[in-house]
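The block underneath contains the structure these notes are about, expressed in structure tokens.
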Amino acid sequence: MALNREQLEQKCREVRRETLLIHRRAPETRIASSLSPVEILVALYYGGVLAFDPRRPQWPARDRFIVSKGHGSISFYPILADLGFFPREELEKVSKAGGILGGIPDSVIPGYETTNGSLGHGPGVACGMALGLRVKGRGCHVFVLAGDGELYEGSVWEAVMFAGAQKLDNLSLVVDANRAAMLNFTREIIDLEPLGAKFAAFGWDVDEVDGHDVEAVRDALQAQKSRRDGRPKVLVARTIKGKGVPRLEGDPLSHVQTLSPDEVDELLRRRP
Amino acid sequence: MTVPTMAVAMRDAFIREIHTRMMERSDIFFLSADFGSPRLDALRLEFPDRFVNVGIAEQNLINLSLGLALEGFCVFAYAIAPFITMRCFEQIRVDLAIHAQIRAINVNLIGVGAGMSYDVSGPTHHCLEDLSIMRTLPHLEIHSPSDAVAAVAMLDGALGRPVPKYFRLDGKALPNLAASLAPGDLARGFRILREGRMLMLATGFMAHRALAVAALLPAGLLGVIDLLSLRPVDEAALAEALAPAEAVFTLEEAFLGAGGLDAFTAGLLRGAGLDRPLQCCGVEQRYRFELGGREILHEAIGLSAAALAARVLAAAR
């Protein structure tokens, strides 16, 4: 059931809170990278964009969602638990013995289609799925979430070329454009801009959105899913790495920062 | 039994058989990294929806293969052997080896140009590392047929087992060593081509070379075992076959001491508690730039039939 704007925003607050709590228990998780795609994940799963069935994660008629930036998707855990893909107790055991939720996720987790975290694989795998679905005449849509730092991997551009040439219009690449990789802002490493123009040159439909406006993200994804115009789609979601944590926002090294338990407690007191 | 001696390119025979199966089954997909064969032209003309040339992009070739396999296709991914194994090794590791432990995926990598079969193309196209590096990956089957008959016979298994596999095919047209495989040879992963007091375990093109070596030696001295697959292999059966040998030789067109056939055999003998003299023949760890063809390369690196026969004779004395 799709939520309205207010409900979606409330869901985003809950997911951020749960994500911070996971990080408090498992400080090796990548917190900054996991906070930037919260609105994207919430829009997909609560905004009525994706077709899915938590009781049947491999339901053939589901839309496919590949988390190519696997390391930065700890915020996906509370969503999957909330929707019933696995018991909520798993959230207490992230990275712990006997748990299924790793510091970086694997496809042993119900709801994860593939194993990622090694970057640059998701877009090509998504192209294979989109091609396979088309040949089989299935109407499912394939979404893949990648980071902007991930776009440095050459394999991404092999897939981008391929999707454009194959006119994979059942494919949406969502770029969590949080402007930073591990050691610096992308504009300081190798500037990726103009990002949209690069995709357009390969025959993609390009949409850009404020990646923290959950309703705008939802509307853009919904529109992409319904637009079968012979072109693959990219949604450049302009986000902030470490969104919601002032110390991380604007820090070029936020990727490798860990929040202390006291910091997390203080954040949660101020932004319940 | 009449043994056909006409040379047949393994890839053409293999692709012809895949083409036939594609007519019967709608779940077979063929991807090529802009690599062809005369026989592939017919396939791609007939199946424009299930054949895609992905361009010279081996990383994407593997990523696409996983995506298609997850959608239920049996995928054949086709490229030049050194590139489909080494350019995209990490894709094979993450997409195929890791996923194979979690999901059923039927991806069949076809690498053409095993060993030095692209002789005059030089070190970039010589494929002397693939056996070693593919052995490092769990769950990946490794098949190294020595002729077209063996390659074609492997196709049933390729279609039937939803696991990742690597088929290492020679780039040259080779004569068939037998008109057909004996029952059980494929399942065991090897075939005995010739009996002898000492045994040479060879794979791929080198099975032909081993037979040539044996022919230069006194009758009954050197037997030849053709290792059709490095994984899976019925190791107990192979150990049993090697047990009577006074000495064991390995022969591979691959780097020595890098974890290939030599390490495979040493491990097998050790595991079976067989204390046999073992001599490993292959390519010393240097890249070769000599021109003139495979025979000249083999002369230069001590893998000519005459040089190998001398080694066996020396061991026999």
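Just so it is clear, none of the values below were taken in a lab; they were calculated from the coordinates. Quantities reported herein were computed from a predicted structural model and do not represent experimental measurements. When we count neighbours, we look across all protein chains shown, and the Cβ atoms used for this are built from the backbone with ideal geometry, even at glycine.
A few notes on this one:
- DSSP beta bridges fully contained in chain A are about 5 percent antiparallel.
- For the protein assembly as shown, a simple Cβ point-charge model (Lys and Arg +1, Asp and Glu -1, everything else neutral) yields a dipole of about 640 debye relative to the Cα centre.
- Burial order of peptide ranges A:26-37, B:59-70, A:176-187 (average beta-carbon count within 10 Å, highest first): B:59-70, A:26-37, A:176-187
- Counted by neighbouring Cβ atoms within 10 Å, the residues B:Lys172, A:Lys225 run from fewest to most as B:Lys172, A:Lys225.
- Dipole magnitude for the stretch B:122-206: computed about the Cα centre from +1 point charges on Lys and Arg Cβ and -1 point charges on Asp and Glu Cβ, it is near 160 debye.
- Put a dot 7 Å past the Cα of A:Asn4, heading toward its Cβ, do the same for B:Arg161, and the two dots end up 5.9 nm apart.
- Spherically averaged projected area in nm², based on the convex hull that wraps the Cα atoms of the stretch B:7-175: 8.6 nm²
- Rounded to 5, percent antiparallel among DSSP beta bridges of chain B: 20 percent
- Residue list for the stretch A:82-113, given a label point 7 angstrom along the Cα-to-Cβ vector of B:Gln101 and an amide N cut-off under 13 Å: A:106-109
- Ranked by the mean number of other Cβ atoms within 10 Å of their residues, highest first, the peptides B:268-276, A:64-72 come out as A:64-72, B:268-276.
- Rounded to the nearest 0.05, the FRET efficiency derived from the C-beta distance between B:Tyr287 and A:Glu208 at R0 = 56 Å is 0.70.
- Beta bridges per DSSP with both ends in the stretch B:7-175, % antiparallel, nearest 5: 10 percent
- If you plug the beta carbon distance of B:Arg194 and A:Lys136 into 1/(1 + (r/R0)^6) with R0 = 30 Å, you get a FRET efficiency near 0.05.
- Cross-link pairs A:Lys198/A:Lys243; A:Lys96/A:Lys167; A:Lys96/A:Lys241; A:Lys11/A:Lys136 - those with Cα-Cα distance over 32 Å: A:Lys96/A:Lys167; A:Lys11/A:Lys136
- In a reduced charge model with +1 at each Lys and Arg Cβ and -1 at each Asp and Glu Cβ, the stretch A:157-272 shows a dipole moment near 320 debye about its Cα centre.
- Over chain A, DSSP H runs of length four or greater, each weighted -39,500 (n - 2.57), average out per residue to a 222 nm ellipticity of -11500 deg cm²/dmol.
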